[in-house]
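Below: the structure, in structure tokens.
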Amino acid sequence: MSFENKLNQYAKLVVEVGVNIQKDQILVVRTPVEGAYFARLLTKCAYEAGAKRVYVEFSDEQISKLTYEYASEETLSDFPEWETMKYDKYVEENAAFISISASNPDLLKDIPVSKISAAQKAAGKGLVKFRKATSNSEVCWCVVSIPTESWSNKVFPECENTEAAKELLWEKIFEATHMDAEDPVAAWRAHTDYLADKCKYLNEKKIKTLHYTAPGTDLYVELPKGHKWEGGGEYSTKGTYFVANMPTEEVFTMPHKYGVNGVLKATKPLVYGGNLIDNFSFEFKEGKIVSFEAGTGKEMLAKLIETDKGTAYLGEVAIVPHSSSVSKTNTLFFNTLFDENASCHFAIGACYPTTIENGVNMTEQELEAHGGNISMEHEDFMVGSDALTIEATTHAGETFYVLKDGEWAF
């Protein structure tokens, strides 16, 4: 298949399988300006599939950086009311959302951390309804990637020029998203079915605790009663099946907010707020991060943990085999969408209410009473490797390996 045909098939897959656009539905596409060509393909596919209207929102990294450089911290702390109203309206009208994740991992490395933190907090408060709608699966959404100049050069600095780096990154993206299959749609259906089978097995086990062991890691994670494992695709509260991440290799649930104890070492860098955080680790007591270290980006990590009361706790536990299709690309993407699907991971901050029985109908107070974590942030970080073992203990007292030496043990 030619590159042009693959690109068209990729756009079609994102629209028809990713967000599964419905007749007369609104689609919102958020993309960097470098992705205009792909946004056009998504728009065309959406209209052909019956979308009522497609809105494309562009961003530019250099303009964003200039804003951070010149705007005051006070200004960055003020999220526009009209932006809140716009996204609230999108949610009310049951829009679907496609976000293209392709940022420069080093974009804001010279920007004061306090400015980045101020903007992050403001967006968290301003987009509460939108973020709740996505975490509760009230709307269909999908995050995908395309190569950009800065990202490609970061991933493949050894390439002779930017075009070669972008071409190689496209190859890795297509490999990770099963676009090399003869029938990508059929391949995705088989893949989501496979992940659903893993979830079914884990849900039937009624796990009480997970024990993580690896170099630098010895962690016990309690799971709340009524937790649910999810993975692959899911149904929105309106009954539409969608796949939120492309690629996706994980099965995930929520840890009990106060049931995490031990030490945990990250195995891949984290890109947060335009900054790189690397060689970091945590110590947990009764769910809370009580100490942490980082070789790079410690100040940024501290700001993340201090964002609100929930960012000192975990909200997601996700299992990914070391031999996943993303891991097989042998590429460090410096992009959470890809790196989290090459590695087991946790998330600092908010839980997904969908991962506990009746969670989407609970108030925040009820969710927390059941062990869920409430926060305006949800930031994934990677802990997987070929040396990671996860042993489960069920409420019935049975023990079994979920993962052994980085691979599924069942």
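For segment 385-410, the tally of residues that are buried (at least 20 other Cβ atoms within 10 Å of the Cβ) and touching an Asp or Glu at 6+ places or on another chain (Cβ under 9 Å) stands at 5. With respect to I146, determine if the residue is outside any loop (DSSP other than H, G, I, E, B) and β-branched (V, I, T). No: the conditions fail for I146.
Does segment 84-96 contain any residue that is over 16 Å from the mean Cα position of the chain (by Cα) and aromatic (F, W, Y)? For segment 84-96, residues over 16 Å from the mean Cα position of the chain (by Cα) and aromatic (F, W, Y): present.
Name every residue in segment 118-152 that is free of Cβ contacts under 8 Å to residues at least 24 places away in the same chain and buried (at least 19 other Cβ atoms within 10 Å of the Cβ), in order of residue number. Within segment 118-152, S152 is the sole residue that qualifies. Among residues of segment 163-189 being in contact with a His (Cβ under 9 Å, 6 or more places away or on another chain) and part of a helix (DSSP H, G or I), the one that is surrounded by the most Cβ atoms within 10 Å (Cβ to Cβ) is W188. In contact with a Ser or Thr (Cβ under 7 Å, 6 or more places away or on another chain), over 16 Å from G274 (Cβ atoms), not aromatic (F, W, Y) and not in a helix (DSSP H, G or I) - does that describe any residue in segment 54-62? Among the residues of segment 54-62, at least one is in contact with a Ser or Thr (Cβ under 7 Å, 6 or more places away or on another chain), over 16 Å from G274 (Cβ atoms), not aromatic (F, W, Y) and not in a helix (DSSP H, G or I), which makes the answer yes. A Cβ distance below 6 Å, combined with a sequence gap of six or more or placement on separate chains, defines the contacts here; from segment 186-203, residues that are not assigned by TED's automatic domain parsing to the domain that holds V251 reach residues that are in a helix (DSSP H, G or I) and among the aliphatic types (A, V, I, L, M) in the pairs W188/V17. Looking across segment 108-117 at every residue that is surrounded by 19 or more Cβ atoms within 10 Å (Cβ to Cβ) and part of a helix (DSSP H, G or I), the one that is farthest from the chain's Cα centre (by Cα) is identified as K115. Checked against the criterion of being touching a residue at least 60 places away in the same chain (Cβ under 8 Å) and under 30 Å from S117 (Cα atoms), the candidates E69, E57, E34, E16 yield just one match: E34. Taking the criterion of being in contact (Cβ under 8 Å) with a residue 24 or more places away in the chain and part of a loop (DSSP other than H, G, I, E, B), the residues of segment 72-101 that qualify are S77, D78, F79, P80, E93, N94, A95, S101. Summed over segment 1-36, residues that are within 22 Å of the chain's Cα centre (by Cα) and either assigned to a strand (DSSP E or B) or small (G, A, S) (or both) total 9.
The values are calculated or read from the model by the stated rules, or taken from the named source; none is laboratory data. Keep in mind it's a predicted model, so treat the numbers as computed, not measured. Positions of Cβ are generated from backbone atoms using ideal geometry, with glycine treated the same way; all protein chains shown enter the neighbour counts.
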